[in-house]
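Right, one structure below, let's go through it.
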Amino acid sequence: MQYLQKFLPPGGGGRVTDFLNQFRLTWRLIRDSRVNKLYKLIPLASLLYLISPLDFAVPLLDDVAVLWLGNSIFTELCPPDVVEEHRAALEKGGRRAQIKIDEGDVMDADYKEME
């Protein structure tokens, strides 16, 4: 079981949150130019399998397993420093992070329109 822990996404969120975080991580890694282009084919191949009519076992379960396995293998093959960089950015909120403004940072001022 310890061997499988490295394939499981970090964090204490629910399964849906973990899945979304893994998807976001995979998407960021696919767009990163430091990741080998051949490695980027792995998650794309798992998506192709998802929409293909082929099924090896129970239809929904094997699709989920192939997506999970494809993303896990892709993440493991990517450079560890790049993966950690993207994971840290996702934990901080990535590009969509909200800027919190403290009331002490707001300044009231008068203005005058110039013609």
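Every read-out reported here was derived from the displayed coordinates using simple, explicitly stated rules and does not represent laboratory data. Model, not experiment: these values are computed from the prediction. Here Cβ is always computed from backbone atoms with ideal geometry, including for glycine, and neighbour counts include all displayed protein chains.
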* Averaged over every viewing direction, what's the projected area of the C-alpha convex hull for region 14-96? Give it in nm², one decimal, please. => 6.0 nm²
* Most exposed first by the Cβ proxy, i.e. fewest other Cβ within 10 Å, how do Trp27, Trp68 rank? -> Trp27, Trp68
